[in-house]
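See structure below.
The values are calculated or read from the model by the stated rules, or taken from the named source; none is laboratory data. It should be emphasised that the depicted structure is a prediction, and the values quoted were computed from it without experimental measurement. All Cβ positions, glycine included, derive from the backbone under ideal geometry; neighbour counts span all protein chains shown. Ligands, DNA and RNA are stripped out before the accessible areas are found, and what is left, the full protein with its side chains, is counted by its heavy atoms. Shrake-Rupley method; radii C 1.70, N 1.55, O 1.52, S 1.80 Å.
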Amino acid sequence: MADEMFLDSLSDMDPYDREERCRKTIRTLLKAIVMRVAAGVLLAVAVIRADAAPIALCLTGFALLLILSGLIPLAREWKKQRILLNECIAQQEETEKKNQ
């Protein structure tokens, strides 16, 4: 329901404002994705370098699973924002062609 309200508010906005909002959202999503991947890599490297007990390896594997599972919704939202951004750019090009 919140997505529908957000999309409705986006459709009321100027295409240039929508583009700016999409670009900001994409930047934020990319930062979140990079941070999750970096945290996962650091955690994996720390466990590999330390001769940890099997229980520590299991807990680390579980933590890695949680970290990486958070990438799925982030990637979906990134893809959705890229589609919105492409639509905004196409709409801007159409308006520029009509104005010429």
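Could you please find all residues in the stretch 42-90 being more than 14 Å from the chain's Cα centre (by Cα) and among the aromatic types (F, W, Y)?
The answer is F62, and nothing else.
Which pairs do you get when a residue that is under 24 Å from C88 (Cα atoms) and free of Cβ contacts under 8 Å to residues at least 60 places away in the same chain, found in the stretch 23-45, comes within reach of a residue that is of a type in the set (D, E) and surrounded by 11 or more Cβ atoms within 10 Å (Cβ to Cβ), reach meaning Cβ atoms under 9 angstrom, with the pair 6+ apart or on two chains?
Taking only residues 6 or more apart or on different chains, the pairs are T25/E77; L29/E77.
Within the stretch 51-94, take every residue that is in contact with a helix residue (DSSP H, G or I) (Cβ under 8 Å, 6 or more places away or on another chain) and farther than 30 Å from D17 by Cβ and give me the one that is modelled with the lowest pLDDT.
A52
Restricting to the stretch 64-94, and then to whatever is over 30 Å from V37 (Cα atoms) and touching a Pro at 6+ places or on another chain (Cβ under 7 Å), can you tell me which residue is most open to solvent (accessible area, probe 1.4 Å)?
Looking at residues that are over 30 Å from V37 (Cα atoms) and touching a Pro at 6+ places or on another chain (Cβ under 7 Å), I get Q91.
With respect to A44, determine if the residue is of a type in the set (G, A, S), modelled with pLDDT of 75 or more and exposed (fewer than 15 other Cβ atoms within 10 Å of the Cβ). Full working, then the answer.
Details: of a type in the set (G, A, S): yes; modelled with pLDDT of 75 or more: yes; exposed (fewer than 15 other Cβ atoms within 10 Å of the Cβ): no.
Judged against the criteria, A44 is not a match.
For the subset of the stretch 1-27 comprising residues that are open to solvent by 90 Å² or more (accessible area, probe 1.4 Å) and modelled with pLDDT of 80 or more, which member is nearest to T60 (Cα to Cα)?
Here the residue is R27.
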